[in-house]
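Notes to accompany the following structure.
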Amino acid sequence: MKKVSYSDKVKKASAIHTAILSMKVDDTLEFVYRGDKYKVSAYSSCNDKMSYSVWNSFRGMNVNKVGRTSLSLYTYDMMSQKTTYRMSLLDIEAAF
């Protein structure tokens with residue numbers, strides 16, 4: 001089995017990466033990730049900086065970083081415990 005290079009992964013993820021970074025305030029982008037539907041929402045945070053969040057039907061996480069092959073996500077629960085997750089852009093099946 002051929003090992004996939006990092007540059008091949010970047011090329012494969014470039015369409016969704018570009019779509020996320022080109023979002024304007026209040027835009028949403030729906031997609032399927034590992035069989036579940038999600039959406040990325042864009043909003044303006046402090047200092048007019050663009051920020052993003054990822055939501056499924058009832059739960060959401062903030063985007064810490066939009067990487068070239070993944071999204072770094074985080075959230076805090078009611079006890080101020082931080083939870084992190086790295087969502088691979090390569091596992092996004094469809095954007096609609």
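Since every read-out is calculated from the coordinates, none of them should be taken as a lab result. Being a predicted model, the structure only gives us computed values, none of them experimental. Cβ coordinates were reconstructed from backbone atoms using ideal geometry, including for glycine residues, and neighbour counts include every protein chain displayed.
What are the ³J(HN,Hα) values, in whole Hz, obtained from phi via the Karplus relation 6.51 cos²θ - 1.76 cosθ + 1.60 with θ = phi - 60°, for each residue of region 61-75 in sequence order, with x given for Gly and Pro?
Couplings: 9, 7, 9, 7, 8, 9, x, 6, 10, 7, 10, 8, 10, 8, 7 Hz.
Loop only per DSSP, at most 13 neighbouring Cβ atoms within 10 Å: give me the trypsin sites (Lys or Arg not before Pro) in the chain, ordered by residue number.
Sparse-neighbourhood loop trypsin sites (Lys or Arg not before Pro): K2, K3, K24, R34, K49, R59, R68.
Enumerate the calculated ³J(HN,Hα) couplings along region 41-49 in order (Karplus 6.51 cos²θ - 1.76 cosθ + 1.60, θ = phi - 60°), each rounded to whole Hz, writing x wherever the residue is Gly or Pro.
Per-residue couplings from phi come out as 10, 9, 8, 9, 9, 4, 6, 6, 7 Hz.
Which of D36, D77, D27 moves the most in a Gaussian network model of the chain with Cα springs under 10 Å?
Among D36, D77, D27, the largest mean-square fluctuation in the Gaussian network model of the chain belongs to D77.
Once you compute Rg and the Kirkwood Rh from C-alpha atoms, what is the Rg to Rh ratio for the chain?
Result: Rg/Rh = 0.99.
Filter the cross-link list K37/K82; K12/K65; K24/K65 down to pairs whose alpha-carbon distance in this structure exceeds 21 Å.
K37/K82
Compute the distance in nm between two label points, each set 7 Å from the Cα along the Cα-to-Cβ direction, one at Q81 and one at E93.
Going from the Q81 label point to the E93 one covers 3.1 nm.
Which of the aspartates and glutamates could be linked to K49 by a straight reach, that is with a Cα gap under 16 Å, when you skip same-chain ones fewer than 8 residues away?
D26, D27
Using r as the Cβ-Cβ distance of V32 and Y74, and R0 as 22 Å, what FRET efficiency do you calculate, to the nearest 0.05?
0.50
Excluding T28 itself, what net charge comes from residues whose Cβ is under 13 Å from its Cβ, given Lys and Arg +1 and Asp and Glu -1?
Every neighbour counted, the sum reads 0.
What do you get for chymotrypsin sites (Phe, Trp or Tyr not before Pro) in region 4-81 restricted to DSSP loop and a cutoff of at most 15 other Cβ within 10 Å of the site's Cβ?
In loop regions of region 4-81 (DSSP not H, G, I, E or B), the sparsely surrounded chymotrypsin sites (Phe, Trp or Tyr not before Pro) are F58.
What does the helix-only formula give at 222 nm for the chain: each DSSP H stretch with n ≥ 4 adding -39500 (n - 2.57), the total divided by the residues, and the result rounded to the nearest 500 deg cm²/dmol?
-5500 deg cm²/dmol
Give the angle, between 0 and 90 degrees and rounded to the nearest 10, that separates the Cα long axis of helix 6-21 from the longest principal axis of the Cα atoms of the chain.
40 degrees
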